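Chemist: Handing you a structure now.
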Amino acid sequence: MKVEEAPNPLAEGLHDYRIAVPAVMVIFGATGDLSGRKLLPALYNLARQRSLPAGFAVVGAAMTEMSDGAFRKHAAQRIRQFSRTQPIDDRVLDALLSSLHYVTVDFGRLEDFKALGTKLDELDAANHVPGNRIFYCATPPPTYQTIAVQLQAAGLNKGEGFHRIVVEKPFGSDLQSARELTQTLQKVFTEDSVYRIDHYLGKETVQNILAFRFANSIFEPVWNSNLIDSVQITVAEEIGIENRGAYYDRAGALRDIIQNHGLQLVTLTAMEPPLAFESGAVRDEKVKVLRSIRPLIGEDIEQSTVRGQYTRGWVLGEQVGGYREEKNVAPDSQTETYAALRLFVDNWRWAGVPFYIRAGKRLPKRITEIRIQFKRPPHLTFGRDAMKEVDPNAITLRIQPEEGISLKFGAKVPSAGLRIRSVTMDFQYVTSFLVEAPEAYERLLLDCMIGDPTLFTRADEVEAAWTLVDPIESAWRDGRPRLQTYAAGSWGPDAAAQLLNADGREWHRP
Amino acid sequence: MSATQDEAPPVWHGEDVTIGDVLAALGEIRYKFARAEAGDEELLHPRNCVMTLIGIAPTEAHEHVAKRTTQTIGMQHPAQAIVIREEAPIRGRYLDAWITTDVRRPEVACAVQCELLTLHVHGKAADHLGALLDPLLVSGVPTYLWWLGTPPFGKRELLDALRVCDGLVVDTSHFDEPYNSFRRMAGMLKVAHHRLGLGDLQWARLRPWRETIAQFFTPSERRSFLRGISEMGIDYAGEGRGNRIAASLVTGWIASAMGWRLRRAVAGSGGVVAAIYESGGRSIEVQFRSVPQGDRVAGEVSAVRIAGASLGKSFRLSVHHNPPRARRVSRTPVDVERRRQDTGRVLLTLIEIGDGEPLRHVQQLEPEAEAELLLDLLSTGTHDEVYNRSMAAASELMEKV
């Protein structure tokens with residue numbers, strides 16, 4: 001039986017300060033884009049906040065031949081370019097750089113992993129670190145299994161201290177590949193040592209969905225099918241696929257966004273209150289939601305899903321090309337850049353409430369929001385005429401870019417007569433808090449060092465999401481329903497509007 | 001009116017006015033702003049405010065600091081700030097007021113207006129600050145009273161002002177008669193209303209020390225060291241009992257967290273203090289040592305050393321603030337990077353465990369501008385049980401010596 005360790009009494013009252021233990025973090029793919037844009041700047045900002053403990057070290061591991069000095073220079077340049085906090089504090093940067101090391105690792109060569117092990121032992125001894133290791137795979141997903149297997153072969157997955165592995169989404173490309181990945185990782189690491197990062201969950205506003213729902217007593221009593229008419233989730237981007245044509249043309253909006261971000265937002269909106277904000281309890285409730293979603297099979301897929309692809313159009317005042325004109329995209333590509341789904345969560349709380357999710361590229365603007373649409377009042381006390389400009393109540397949780405929450409309700413227009421119209425009550429993060437929100441990666445890296453997996457995705461969660469998405473993906477590949485087109489800069493294909501119109505509803509214009 | 005009002009011209013000013021006049025002026029200013037921001041829209045944006053911050057400034061210099069700080073905070077966060085300065089009685093004159101506004105336009109949200117209200121209160125009205133402030137407070141958000149200088153502990157004036165506040169913020173490093181004032185403050189919490197929180201900027205300055213010390217004991221393999229602490233040494237700048245508040249707070253913090261009981265304490269010449277605590281049948285020896293002030297602020301902690309042994313392993317943790325820096329000989333590739341002027345402050349941690357080589361860890365401290373300290377403190381509220389119990393333990397220690 002695992003004995004709970006007593007909390008450090010000196011940490012009490014240090015509020016937001018979360019204390020990591022000394023460890024060595026190995027970044028595979030340390031010279032790559034993710035490492036340079038996100039991980040190294042996040043580590044710098046953690047150092048700036050004094051969140052990196054004495055004895056913490058980073059070992060960059062990649063194919064490129066490089067000395068410690070060259071890696072430090074590379075890291076300094078990336079941190080200067082991409083850190084969210086500017087100007088860079090040279091002394092913080094110097095202190096961080098002095099804890100950076102580099103080992104050349106060809107993922108196919110066991111000798112290289114053994115050399116990495118030797119380096120880690122040296123650092124452990126020098127830094128009084130009892131073998132605590134975090135292996136961060138900032139590499140393409142196909143390498144995850146190779147890295148895990150080599151770590152095991154080199155004996156780097158065991159010994160004194162903790163051994164954690166971090167992998168980035170996508171976690172597989174379908175249910176089968178996700179299971180294979182899980183099986184490989186679990187042969188090398190225990191499940192509670194596998195940290196699957198979906199950086200979306202590290203965003204403050206995503207976490208605030210739980211705070212909004214469960215730290216307030218006024219919302220939960222109305223958060224069910226008695227009063228809620230429907231839920232709309234929008235993940236819109238104005239950009240195209242940029243330079244990711246080769247990846248995106250294989251993935252599409254369903255796998256790229258809906259399978260992870262979209263379903264994460266559904267789970268956070270629909271989950272039951274967890275016993276505590278603690279990894280097991282939160283993730284159990286999220287998995288329950290995924291398992292309660294009515295699977296779309298057969299004809300349901302044609303009736304409840306829409307897929308679209310953008311054609312030429314105008315976005316933010318500029319003319320842009322169509323998807324098939326993008327680099328590394330097949331000229332006859334059938335890949336969707338827009339996906340809309342109607343889902344039902346078949347449980348007591350949500351029976352009969354449709355969850356509409358849409359995600360797309362080259363939409364009019366970048367916005368992510370969850371709109372909780374309430375039912376109309378049961379009786380029109382003020383008459384139909386007075387209420388004609390009143391929309392039903394709605395709560396909108398804006399995830400990005402204007403992070404905040406707004407509540408829509410009816411109010412009397414000042415005049416001699418009685419006319420009601422809709423007004424909003426807005427809460428904006430940017431103007432309401434005394435502290436700046438950290439980058440998602442700062443939060444997630446620190447969580448990983450501390451050993452808190454609450455905001456990471458568990459294996460059963462990944463599999464439950466693929467279980468829902470796989471049949472849709474399969475039907476779409478068979479051309480059911482037909483791929484629609486939409487002009488870049490519009491809110492998606494007409495069929496998406498019809499999906500809601502058929503239910504007597506409309507998409508909210510964000 | 002002090003010179004600081006010239007820096008940002010007031011949008012409204014009144015001499016010998018009533019609070020009713022001030023409220024009417026505030027209402028009009030808020031409406032005009034909302035109307036202007038709404039443009040052609042029929043609906044006005046709601047007003048956003050996260051707190052009312054009241055600064056009490058006993059002198060013109062304090063007033064300047066209070067206004068500069070509250071304006072800095074207001075530009076980042078929509079607050080209503082009130083700065084009050086007590087003036088000598090002028091016959092027939094009760095209140096002079098100035099309202100200054102700052103508008104902030106975030107990139108992705110509607111504009112917000114922060115209001116700075118400066119009041120010069122003449123004569124007896126200053127003894128009834130609660131009545132003066134109450135109508136001005138923004139409903140539903142916390143009210144913090146930042147008393148610059150030394151609050152009149154035990155006097156009606158302070159208790160009356162605290163009646164309408166959720167938290168009192170002081171800086172114990174700026175107290176006149178710091179020894180006596182600190183002890184009176186420790187006594188005040190017993191008579192203040194139960195909602196009242198107490199914040200201390202000096203405590204906020206000690207946060208990096210607390211974080212660093214806590215961090216050392218965080219790894220599970222070092223947790224047992226906490227029960228093995230046998231000695232602790234603190235260096236502080238300047239001499240005299242009034243300069244030992246920060247050192248006493250650090251001691252009080254660890255002692256109260258660990259359940260140490262103070263057995264005896266004596267003060268010697270040259271600012272030395274020796275205290276013996278007891279815990280679980282063990283003795284813990286605590287020593288304070290005065291170090292030359294140099295460019296440090298009097299009372300500032302310059303080093304903390306903690307040592308002991310547990311499970312057959314000895315340990316020593318030393319944390320130093322701005323230790324002398326060794327000159328660099330070699331130039332690494334990093335040195336080639338262009339540098340800004342070196343003005344930061346450093347916390348150097350040395351860790352020795354068993355026979356292992358010492359581990360050196362350098363952390364940078366952010367500049368401790370008053371506004372940043374205040375923001376840090378207010379962002380988490382002023383109800384800090386750890387501070388209250390640390391202060392009580394520090395007060396006990398100070399009383400003994």
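Only the coordinates and a few stated rules stand behind these numbers; no lab work does. This is a predicted model, so every value here is computed, not measured. With ideal geometry, Cβ positions are generated from the backbone for all residues, glycine too; neighbour counts draw on all protein chains shown.
Chemist: For B:Ala309 and A:Thr118, what is the calculated FRET efficiency with R₀ set at 30 Å and r taken between the beta-carbons, to the nearest 0.05?
Modeler: FRET efficiency, B:Ala309 to A:Thr118: 0.40.
Chemist: Can you work out the base-10 log of I(q)/I(0) for the range B:205-321 at q = 0.16, 0.21, 0.22 1/Å, using the Debye formula on its C-alpha atoms alone?
Modeler: Here the Debye-derived log intensity ratios amount to -0.73, -1.21, -1.30.
Chemist: Hey, what's the Kirkwood Rh for the range A:153-231 if you take every pair of different alpha carbons, in angstrom?
Modeler: Result for the range A:153-231, one decimal place: 16.1 Å.
Chemist: Sticking with this structure for a sec: Under 19 Å Cα to Cα from A:Lys408, which lysines show up? Leave out anything in the same chain fewer than 8 places away.
Modeler: List returned: A:Lys375, A:Lys388.
Chemist: Considering the dipole of the range A:363-433 built from charges on the beta carbon (Lys and Arg +1, Asp and Glu -1) around the Cα centre, which of A:Ser406, A:Gly383, A:Thr424 is farthest to its positive end?
Modeler: Of the candidates, A:Gly383 comes out farthest on the positive side.
Chemist: Could I ask something else about it? Highest mean first, what order results for A:45-58, A:323-336 on Cβ atoms within 10 Å?
Modeler: In decreasing order of mean packing, A:45-58, A:323-336 become A:45-58, A:323-336.
Chemist: Over the whole of B:215-227, what's the average partner chain Cβ count within 10 Å per residue? Rounded to a whole number, please.
Modeler: 6
Chemist: Taking every DSSP beta bridge with both residues inside chain B, roughly what % is antiparallel (nearest 5)?
Modeler: Counting only bridges with both partners in chain B, antiparallel ones make up about 60 percent.
Chemist: Taking other Cβ within 10 Å of each residue's Cβ, how do A:Ile258, A:Ile367, B:Ile351 sort, fewest first?
Modeler: Taking fewest neighbouring Cβ atoms as first place, the list is A:Ile367, B:Ile351, A:Ile258.
Chemist: I would also like to ask the following. At what distance in nm do the modelled label points of B:Asn180 and A:Asp478 sit from each other, each positioned 7 Å from its Cα along Cα→Cβ?
Modeler: Inter-label distance under the simple model: 9.1 nm.
Chemist: At what distance in angstrom do the alpha carbon centres of the range B:238-275 and the range A:203-268 lie from each other?
Modeler: First find each Cα centre; the distance between them is then 54 Å.
Chemist: Give me the dipole magnitude in Debye, nearest 20, for chain B about the Cα centre, with unit charges on the beta carbon: positive for Lys and Arg, negative for Asp and Glu.
Modeler: Charge dipole, chain B, about its Cα centre: 1800 debye, nearest 20.
Chemist: Related question: Using r as the Cβ-Cβ distance of B:Glu385 and A:Asp460, and R0 as 41 Å, what FRET efficiency do you calculate, to the nearest 0.05?
Modeler: Efficiency for this residue pair is about 0.55.
Chemist: I'd like to know which of A:Tyr136, A:Leu123, A:Leu110 lies farthest towards the positive end of the charge dipole of the range A:79-136, counting +1 on Cβ of Lys and Arg and -1 on Cβ of Asp and Glu.
Modeler: Farthest towards the positive pole: A:Tyr136.
Chemist: Can you give me the relative contact order of chain B as a percent, contacts being Cα pairs under 8 Å and 6 or more apart?
Modeler: 14 percent
Chemist: Dipole magnitude of the protein assembly as shown about its Cα centre, charges +1 at Lys/Arg Cβ and -1 at Asp/Glu Cβ only, in debye to the nearest 20?
Modeler: 700 debye
Chemist: Ranking request for peptides A:349-358, A:18-27, A:85-94: highest mean number of other beta-carbon atoms within 10 Å first, then the rest in descending order.
Modeler: A:18-27, A:349-358, A:85-94
Chemist: When the Karplus curve 6.51 cos²θ - 1.76 cosθ + 1.60 is applied with θ = phi - 60°, which whole-Hz ³J(HN,Hα) does each residue of the range B:221-231 get, with x for Gly and Pro?
Modeler: Result, ordered by residue: 6, 9, 4, 5, 4, 4, 7, x, 5, 10, 8 Hz.
Chemist: Compute the long axis of helix B:207-216 from its Cα atoms, compare it with the longest principal axis of the Cα atoms of chain B, and write down the angle in degrees, 0 to 90, nearest 10.
Modeler: 40 degrees
Chemist: Let me ask something else about it. Give the span of the range B:158-222's Cα atoms along each principal axis, as three whole-Å numbers ordered largest to smallest.
Modeler: Over the range B:158-222, Cα extents along the principal axes are 50, 27, 16 Å.
Chemist: For the pairs A:Lys158/A:Lys286; A:Lys169/A:Lys288; A:Lys114/A:Lys158; A:Lys203/A:Lys286; A:Lys158/A:Lys187, note any where the Cα-Cα span goes beyond 19 Å.
Modeler: A:Lys158/A:Lys286; A:Lys169/A:Lys288
Chemist: Relative to the longest principal axis of chain A, what angle (0 to 90°, nearest 10) does the C-alpha long axis of helix A:110-127 take?
Modeler: 80 degrees
Chemist: Still on this structure, I have one more. Taking all pairs of distinct Cα atoms, average 1/r, flip it, and tell me the Kirkwood hydrodynamic radius of the range A:87-235 in Å to one decimal place.
Modeler: 18.9 Å
Chemist: Ok, one more. For a protection proxy built on the mean count of beta-carbon atoms within 10 angstrom, sort B:289-295, A:143-149 highest first, please.
Modeler: Per-residue mean Cβ counts within 10 Å order the peptides as A:143-149, B:289-295.
Chemist: For an R0 of 25 angstrom, estimate the FRET efficiency from the Cβ-Cβ distance between A:Arg419 and A:His379 and round to the nearest 0.05.
Modeler: The computed FRET efficiency comes out at 0.90.
Chemist: Could you grab the relative contact order for chain A? Cα pairs under 8 Å, six or more apart, rounded to a whole percent.
Modeler: 17 percent
Chemist: Ok, one more. Provide Rg over Rh for the range A:107-182; use the alpha carbon set for both Rg and the Kirkwood Rh (inverse mean inverse pair distance).
Modeler: With Rh from the inverse mean 1/r over Cα pairs, Rg/Rh is 1.02.
Chemist: Rounded to the nearest 20 debye, what is the charge dipole size of chain A about its Cα centre when +1 sits on each Lys and Arg Cβ and -1 on each Asp and Glu Cβ?
Modeler: In debye, rounded to 20, chain A gives about 1140.
Chemist: Any idea how far apart B:Val11 and A:Lys365 come out in nm if each label point goes 7 Å out from Cα toward Cβ?
Modeler: Label-label distance for B:Val11 and A:Lys365, simple model: 2.6 nm.
Chemist: Please give the average number of partner chain Cβ atoms lying within 10 Å of the Cβ of each residue in B:204-210, rounded to a whole number.
Modeler: 2
Chemist: Continuing with this model, one more query. Can you tell me the mean projection area, over all orientations, of the convex hull of the range B:350-400's alpha carbons? Units nm², please.
Modeler: Averaging across all directions leaves 6.6 nm² for the Cα convex hull.
Chemist: Using alpha carbons only, how many degrees (0 to 90, rounded to 10) separate the axis of helix B:245-258 from the longest principal axis of chain B?
Modeler: Once rounded, the angle reads 70 degrees.
Chemist: How high is the relative contact order of the range B:157-305? Use alpha-carbon pairs under 8 Å, at least six apart in sequence, and give a whole percent.
Modeler: 25 percent
Chemist: Could you check which residue among B:Ser220, B:Ser139, B:Ser302 shows the biggest mean-square fluctuation in a GNM of chain B with a 10 Å Cα cutoff?
Modeler: B:Ser220
Chemist: Between the range B:120-161 and the range A:368-415, what's the alpha-carbon centroid distance in Å?
Modeler: 41 Å
Chemist: Would you kindly derive the ³J(HN,Hα) couplings of the range B:121-128 from the backbone phi angles with the Karplus curve 6.51 cos²θ - 1.76 cosθ + 1.60 (θ = phi - 60°), listing them in order in whole Hz, with x for Gly and Pro?
Modeler: Once θ is set to phi - 60°, the couplings for the range B:121-128 become 9, 9, x, 5, 4, 5, 7, 10 Hz.
Chemist: If a/c stays under 1.5 just call it rounded; otherwise compare a/b with b/c (prolate if a/b is bigger, oblate if not). Do that for the protein assembly as shown, with a ≥ b ≥ c from the square roots of the Cα gyration tensor eigenvalues.
Modeler: Taking the square roots of the gyration eigenvalues as a ≥ b ≥ c, the protein assembly as shown is oblate.
Chemist: Let me know the mean shielding of B:353-365 by other chains, meaning the per-residue number of their Cβ atoms within 10 Å of its Cβ.
Modeler: 4
Chemist: Can you list residues whose amide H is under 5 Å from A:Tyr102's amide H, if they're 5+ apart or on another chain and H is modeled 1.01 Å from N?
Modeler: A:Gly60, A:Asp68
Chemist: Right, another one. Counting only helical runs of four or more DSSP H residues, what would the 222 nm mean residue ellipticity of chain A come to if each run contributes -39,500 (n - 2.57) and the total is spread over all its residues?
Modeler: After summing the helix terms and dividing by the residues of chain A, the value is -9500 deg cm²/dmol.
Chemist: I need A:Lys288, A:Lys203 ordered by Cβ neighbour count within 10 Å, fewest first.
Modeler: A:Lys288, A:Lys203
Chemist: Then there's this: Listing A:Trp476, B:Trp203, A:Trp466 from the residue with the fewest other Cβ atoms within 10 Å to the one with the most, what is the order?
Modeler: The fewest-first ordering by Cβ neighbours comes to A:Trp476, A:Trp466, B:Trp203.
Chemist: Provide the per-residue ³J(HN,Hα) series for the range A:240-251, in order, calculated from phi with Karplus coefficients 6.51, -1.76, 1.60 and θ = phi - 60°, each as a whole number of Hz, with x at glycine and proline positions.
Modeler: For the range A:240-251, the Karplus curve yields x, 9, 6, 9, 9, x, 4, 6, 5, 5, 8, 8 Hz.
Chemist: Let me ask something additional. List the equivalent ellipsoid semi-axes of chain B in whole Å, largest first, each obtained as the square root of 5λ for an eigenvalue λ of the Cα gyration tensor.
Modeler: Values for chain B, descending: 44, 26, 19 Å.
Chemist: With the calculation restricted to Cα positions, what are the radius of gyration and Dmax of chain A in angstrom?
Modeler: Answer for chain A, Rg first and Dmax second: 24.6, 85 Å.
Chemist: Which value in Å does the Kirkwood hydrodynamic radius of the range A:157-294 take, with 1/r averaged over all unlike C-alpha pairs and then inverted?
Modeler: After inverting the mean inverse Cα-Cα distance, the result is 17.4 Å.
Chemist: Rounded to the nearest 5, what is the percent of antiparallel bridges among the DSSP beta bridges in chain A?
Modeler: 55 percent
Chemist: Running a GNM on chain B with Cα contacts under 10 Å, which residue among B:Leu374, B:Leu198, B:Leu311 ends up with the highest mean-square fluctuation?
Modeler: In this elastic network of chain B, the residue with the biggest mean-square fluctuation among B:Leu374, B:Leu198, B:Leu311 is B:Leu311.
Chemist: Between rounded, prolate and oblate, where does the range A:1-131 land on the alpha carbon gyration tensor, with a ≥ b ≥ c its root eigenvalues, rounded for a/c under 1.5, else prolate if a/b exceeds b/c?
Modeler: Because a/c hits 1.5 or more and a/b fails to exceed b/c, the range A:1-131 counts as oblate.
Chemist: A further question follows. Specify the inter-centroid distance of the range B:166-223 and the range B:12-32, based on alpha-carbon positions, in whole Å.
Modeler: For the range B:166-223 versus the range B:12-32, the Cα centre distance is 37 Å.
Chemist: Give the span of the range B:50-203's Cα atoms along each principal axis, as three whole-Å numbers ordered largest to smallest.
Modeler: Taking the Cα atoms of the range B:50-203, the three principal extents are 49, 41, 28 Å.
Chemist: Would you grab the residues whose amide H sits under 5 Å from the one on A:Thr454? Only those 5+ places off in sequence or on another chain, please, with H modelled 1.01 Å from N.
Modeler: A:Ser279
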